[in-house]
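K.L.:
Please find one structure pasted underneath; my questions will follow.
The values are calculated or read from the model by the stated rules, or taken from the named source; none is laboratory data. These numbers come from a predicted model, not from an experiment. Positions of Cβ are generated from backbone atoms using ideal geometry, with glycine treated the same way; all protein chains shown enter the neighbour counts. Just so you know, the surface numbers come from the protein's heavy atoms only, side chains and all, with ligands and any DNA or RNA stripped out. Shrake-Rupley method; radii C 1.70, N 1.55, O 1.52, S 1.80 Å.
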Amino acid sequence: MEIVSLDVLGYDRRPVPASMIVHPGETDHLGIILPGYRHTVDMPDLHYAGLILQQRGADVLRVEYAYPKTDFRQRPQEEQAKWLAADARAACAAGMRRRKYQKLTVIGKSLGTLALGHLLEDPAFAAAACVWSTPVLSSEWLCAQIRKYRPRSLFIIGTADDFYQPAVLEDLVNATQGDTLVLEKVHHGLEITGDIPGTMEALSKIVEAMQGFIE
């Protein structure tokens, strides 16, 4: 595998850190990883997601936006949304220029699920398979996007996550005819507080669910 850095300019012409893991052979499959605000692409769940995609023969685009190093959270919510959307679209456009991809798999974590909500508006993502990890279920806009576009979906969330809303989740699963993994006692960081073995068991379930969904 070759790792290449991408030159991407997003919102307000700001650089968007992004890299691609390029499959050595021919492929028409692109995997895209959209991390959380502080939950980077190198966190265990997203690291293994990338490995699964590689094993399936996909190129992997890792969007590595670093909003904690900026004043992102101090901006109005409307501007945050524009910033996130512009960065995600610019990074994906740069990645998709590398080959003619016919298959897209997108994995969003928390803030990344909001970015994915914006990407659904692009016809190129009409047939994308989407993993919604700890989705922001409190966002009426995001839920409306999912209901509108109805992508093939896997939802992953823990019962101790502040965004966990069982009725909303059930509605989205029904709307997309999707799959779901609900993890007992797991919080938004995909860990169980004070329980390392339980956290490792949860990670194993996450990896297994993503592997089954992607394959």
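K.L.:
If Arg56, Arg150, Arg97 are ordered by their accessible area, calculated over protein heavy atoms with a 1.4 Å probe, which sequence runs from highest to lowest?
P.N.:
My answer, sorted largest first, is Arg97, Arg150, Arg56.
K.L.:
Below 8 Å between Cα atoms, with a sequence gap of 6+, how large is the relative contact order for region 26-88 in percent?
P.N.:
Reported relative contact order: 37 percent.
K.L.:
Show that you can apply the helix-only estimate: for the chain, add -39,500 (n - 2.57) for every DSSP H stretch of four or more residues, divide by all residues, and state [θ] at 222 nm to the nearest 500.
P.N.:
After summing the helix terms and dividing by the residues of the chain, the value is -12000 deg cm²/dmol.
K.L.:
Between their Cα atoms, which of Lys100/Lys205; Lys69/Lys185; Lys103/Lys148; Lys69/Lys148 are more than 26 Å away from each other?
P.N.:
Violating the 26 Å Cα-Cα cut-off are Lys100/Lys205; Lys69/Lys185; Lys69/Lys148.
K.L.:
Ok, one more. Net charge near Lys103, counting Lys/Arg +1 and Asp/Glu -1 over other residues with Cβ under 10 Å of its Cβ?
P.N.:
Neighbour charge sum, excluding Lys103 itself: 0.
K.L.:
Sequence-distant or interchain residues sharing an amide H contact under 5 Å with Val16, placed H: which?
P.N.:
Val8, Leu9, Gly10
K.L.:
Still on this structure, please answer the following. Would you mind classifying the chain by shape? Square roots of the alpha carbon gyration tensor eigenvalues, ordered a ≥ b ≥ c; an a/c under 1.5 is rounded, otherwise it is prolate if a/b is larger than b/c and oblate if not.
P.N.:
Rounded, since a/c falls under 1.5.
K.L.:
Answer rounded, prolate or oblate for region 153-212, using the Cα gyration tensor with square roots of eigenvalues a ≥ b ≥ c: rounded when a/c is under 1.5, else prolate when a/b is larger than b/c, else oblate.
P.N.:
oblate
K.L.:
Report in % the part of the accessible area of region 1-95 that belongs to carbon and sulfur, leaving out ligands and nucleic acids; probe 1.4 Å.
P.N.:
With neighbouring chains kept in place, the figure for region 1-95 is 48 percent.
K.L.:
Which shape class, rounded, prolate or oblate, goes with region 1-64 when its Cα gyration tensor gives a ≥ b ≥ c as root eigenvalues, a/c under 1.5 marks rounded, and past that a/b bigger than b/c marks prolate?
P.N.:
Verdict is oblate for region 1-64.
K.L.:
Please work out the average accessible area per residue across region 46-141, using the 1.4 Å probe convention, and give it in Å².
P.N.:
Ligands and nucleic acids excluded, the figure is 42 Å² per residue.
K.L.:
Provide the net charge surrounding Thr176, with neighbours chosen by a C-beta distance below 14 Å and charges set as Lys +1, Arg +1, Asp -1, Glu -1.
P.N.:
Neighbour charge sum, excluding Thr176 itself: +1.
K.L.:
Another one. Counting DSSP beta bridges in the chain, what percent are antiparallel, to the nearest 5?
P.N.:
25
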